[in-house]
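Below: one structure, written as structure tokens.
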Amino acid sequence: MNPEKLQKTTCPRDCYDRCGILAVVRDGRVAEIRGDPDSPVSRGMLCAKCTIAYNGVWLDPAQRVTQPLRRTGTKGEARFAEISWDEALDQVANRLQSIARDHGADKVLHAHYQGTYSAIACNFPCRFFHRYGATEVDPGTICDKAGHVALQGMLGTSFEGFDARSRDGASCLVLWGVNPSHGGPLTDRFWVGEFPGTRIVIDPVRTFTATQADIHLRPRPGTDAALAYGLLRLLSDAGRFDRTSSGIMCRVGTRWPRRSRGQN
């Protein structure tokens, strides 16, 4: 028997965090996975989606689907029979052709997501169904799409997100409406407190994250926009933003409402 060894890798599940994994390899096969304590993002933690998959069904060949299955009973009976890949592809192709011919290709709704999160896995099926003429829906939720738009505006990309390691080069940390201590699978409760600079939390709730702040602002729900415009005014008066490179700041900076100028 070959000796056990640990192989460093990252989680390929559908998530942006890319948590560090220590794969326990025995006899040339992955026998177990553990969180990698050296990962600067996950710090040895793994979510249930990862641990259940890789320490459970994925390691048991009897529970894995390795061949196309065709239902032989009614829905809910869980009765299936194995068929070949050629049979499966022919049946799917024939069904898609008949739907397009008899009802129109737009009657097929392409609902999808990325699974193991790769550009090919996401975009190639979209190209196929675009050519077919199917109806498309955005794969994300409303909050997912809004988050992508916000990240694009703040960071220039919506896929890389905020790297917690980058905080070490900053002098001030502003957490507005987020609770990273409990707001996601990587609930490292103390990373905010580890930040050496000024910590500002804007949240109406006294969360654990807020307890680690130097300044905790608690606006009434629904008044965030007023607070944001007030901060913009202070930044403008102090000349603390670049009017030449930030388009939105240039527009806001030249059109202050009368009330914000002290006029009624």
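What follows is calculated from the coordinates using simple rules that are stated; it is not laboratory data. Not measured: the values here are computed from a predicted model. Positions of Cβ are backbone-derived with ideal geometry, glycine not excepted, and every protein chain shown enters the neighbour counts.
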Output wanted: per-residue J couplings in Hz (rounded whole) for region 78-85, from phi through Karplus 6.51 cos²θ - 1.76 cosθ + 1.60, θ = phi - 60°, x for Gly and Pro. 6, 10, 9, 10, 5, 10, 6, 5
Phi-derived 3J(HN,Hα) across region 167-179 with the Karplus relation (6.51, -1.76, 1.60, θ = phi - 60°), rounded Hz, x for Gly and Pro, is 5, 5, x, 9, 9, 9, 10, 10, 10, 10, x, 10, 9
Show me the ranking of peptides 198-207, 65-74 by mean Cβ neighbours inside 10 Å, starting with the highest. 198-207, 65-74
Rank these for me by crowding, 10, 223, going from fewest to most other beta carbons within 10 Å. 223, 10
Amide hydrogen neighbours beyond the local backbone of residue 176, cut-off 5 Å, H modeled: 202
Gained length - residue 59 relative to residue 112, 0.36 nm times residue gap less alpha-carbon distance: 16.5 nm
By Cβ neighbour count within 10 Å, fewest first, 148, 103 rank 103, 148
Any chance you could run the full-extension gain for residue 138 through residue 198? It's 0.36 nm times the residue separation minus the Cα-Cα distance, nm to one decimal. 17.7 nm
Per-residue ³J(HN,Hα) for region 89-104, Karplus 6.51 cos²θ - 1.76 cosθ + 1.60, θ = phi - 60°, Hz, x for Gly and Pro: 5, 5, 5, 5, 4, 5, 5, 5, 5, 5, 5, 4, 6, 8, 10, x
Under 5 Å between amide H atoms, partner at least 5 residues away or on a different chain: which partners does residue 35 have, H built in plane at 1.01 Å? 22
Quick one: of 8/49; 8/145; 5/145; 49/107, which pairs are farther than 29 Å apart, Cα to Cα? 8/145; 5/145; 49/107
Ranking 54, 132 by Cβ neighbours within 10 Å, fewest first, what do you get? 132, 54
Would you grab the residues whose amide H sits under 5 Å from the one on residue 80? Only those 5+ places off in sequence or on another chain, please, with H modelled 1.01 Å from N. 72
Relative to the present Cα-Cα distance, how much length would full extension add between residue 208 and residue 90 at 0.36 nm per residue of separation? 36.9 nm
